[in-house]
Amino acid sequence: MTNKDFKNKYGDWALITGATSGIGAELTSQIAAKGLNIVLVARKEKELTEQAAALQKRYGVKTKYISADLATAEGLEKVKQVDEKIGLLVSAAGYEVNGAFSKTPLAGELKVIQLNVVATLELCHHFSPLMVERKKGGILLIASLSGHMPNPYFSNYAGSKAYVLNLGASLYAELKPKGVDLTILSPGLTKTPMTADNGVDWSKTPMQAMEASVVAEFGLNGLGKRLLSVPGGKNKIMAFMSKHSPLAMLAKMNEKMMRKAMPPSKI
Ligand SMILES: NC(=O)c1ccc[n+]([C@@H]2O[C@H](COP(=O)([O-])OP(=O)(O)OC[C@H]3O[C@@H](n4cnc5c(N)ncnc54)[C@H](OP(=O)(O)O)[C@@H]3O)[C@@H](O)[C@H]2O)c1
């Protein structure tokens with residue numbers, strides 16, 4: 001799709017959550033490079049201001065930012081009040097808690113649900129009817145390879161991403177005849193602050209982290225073309241295998257793999 005076609009289909013404004021870091025920041029730059037104006041959403045105001053100014057300077061697009069905690073009802077309300085006509089919604093903000101489920105604090109697990117599940121639901125529920133009314137628009141959801149299979153020590157995170165996957169797949173078919181595209185980007189391990197800071201020794205797993213820019217580009221290219229974008233050959237094989245393997249076997253195999261990578265205090 002040319003940049004002009006992309007803009008016609010998904011312009012004039014894209015709203016991107018998690019726009020200041022990792023995959024969301026890469027998606028933001030790549031969407032601005034296609035000429036769309038951007039509403040950036042995250043919590044930290046300093047990063048939002050800097051990123052918004054950089055996008056304006058580099059791509060000549062208009063920007064606006066909303067500092068909001070999307071794990072709260074107030075934060076979600078702030079985003080829903082946006083005046084701009086949003087033609088493209090990208091829900092990239094996400095949160096993970098890892099470690100034995102018997103040891104993780106409930107507050108953290110609930111935040112995983114608030115951000116990965118409730119915020120995704122509410123943003124889709126708010127913006128998709130406006131797109132349906134205009135008979136055009138796009139939604140890019142970010143799931144995870146964890147959502148395709150059991151992922152012990154990331155159990156609730158895996159559950160939250162399975163929700164994103166199934167919500168997205170169902171909405172894809174509902175929205176397509178109404179002129180609205182939906183694609184799910186489902187990355188495997190990606191080099192971002194989320195994975196750098198989470199205490200897991202990924203070198204003890206067979207997973208190889210991909211660059212966030214490559215992951216973002218793959219997801220964006222899939223918009224309007226396919227329902228599911230799993231970047232990386234190895235990740236695609238894992239997603240395929242997960243559909244065709246006995247669930248209990250997969251769960252036990254992944255537990256063995258992740259046990260080696262987790263700090264002993266967390267298992
Ligand atoms: N990295 C991976 O290996 C990987 C793999 C598969 C899927 N994913 C998914 O990809 C998405 C992006 O992950 P990432 O690794 O790029 O994350 P990241 O680098 O940690 O960035 C997270 C972004 O979300 C914002 N954010 C976090 N909590 C928020 C909240 N409560 N309210 C509003 N904004 C919030 C952060 O900004 P503030 O801190 O300023 O709020 C930041 O902009 C997530 O959905 C994640 O689950 C990541």
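List of remarks:
- Comparison of 169, 100, 158 shows that the only residue that is in a helix (DSSP H, G or I) and closer than 27 Å to residue 266 by Cα is 158.
- In region 98-109, residue surrounded by the most Cβ atoms within 10 Å (Cβ to Cβ) [restricted to those that are away from the ligand (no atom under 12 Å from the Cβ) and either closer than 19 Å to residue 165 by Cα or touching a residue at least 40 places away in the same chain (Cβ under 8 Å) (or both)]: 99
- Among the residues of region 143-155, those that are more than 8 Å from the ligand (Cβ to nearest atom) and part of a helix (DSSP H, G or I) comprise 147, 148, 155.
- Single unsatisfied condition, residue 108 versus (1) in a helix (DSSP H, G or I); (2) small (Gly, Ala, Ser); (3) in contact with a strand residue (DSSP E or B) (Cβ under 8 Å, 6 or more places away or on another chain); (4) more than 18 Å from residue 186 (Cα to Cα): (3)
- Any hit, region 176-186, residues being within 12 Å of the ligand (Cβ to nearest atom), over 27 Å from residue 128 (Cα atoms) and outside any loop (DSSP other than H, G, I, E, B): no
- Scanning region 18-63 for residues that are out of contact with any strand residue (DSSP E or B) (no Cβ under 8 Å at 6 or more places or on another chain), exposed (fewer than 15 other Cβ atoms within 10 Å of the Cβ) and not small (Gly, Ala, Ser) yields a count of 4.
- Filter result for residue 138 (within 16 Å of the ligand (Cβ to nearest atom) and either in a helix (DSSP H, G or I) or in contact with an Asp or Glu (Cβ under 6 Å, 6 or more places away or on another chain) (or both)): no
- Residues that are more than 13 Å from the ligand (Cβ to nearest atom) and either aliphatic (A, V, I, L, M) or within 25 Å of residue 110 (Cα to Cα) (or both) within region 82-97 comprise 82, 86, 88, 89, listed in sequence order.
- Among the conditions (1) near the ligand (Cβ under 9 Å from one of its atoms); (2) surrounded by fewer than 22 Cβ atoms within 10 Å (Cβ to Cβ), residue 73 misses just one, which is (1).
- The residue list 145, 182, 175 contains one member that is in contact with a helix residue (DSSP H, G or I) (Cβ under 9 Å, 6 or more places away or on another chain), under 17 Å from residue 9 (Cβ atoms) and crowded, with 23+ Cβ neighbours inside 10 Å, which is 182.
Since every read-out is calculated from the coordinates, none of them should be taken as a lab result. Quick caveat: nothing in here was measured; it's all calculated off a predicted structure. Positions of Cβ are backbone-derived with ideal geometry, glycine not excepted, and every protein chain shown enters the neighbour counts.
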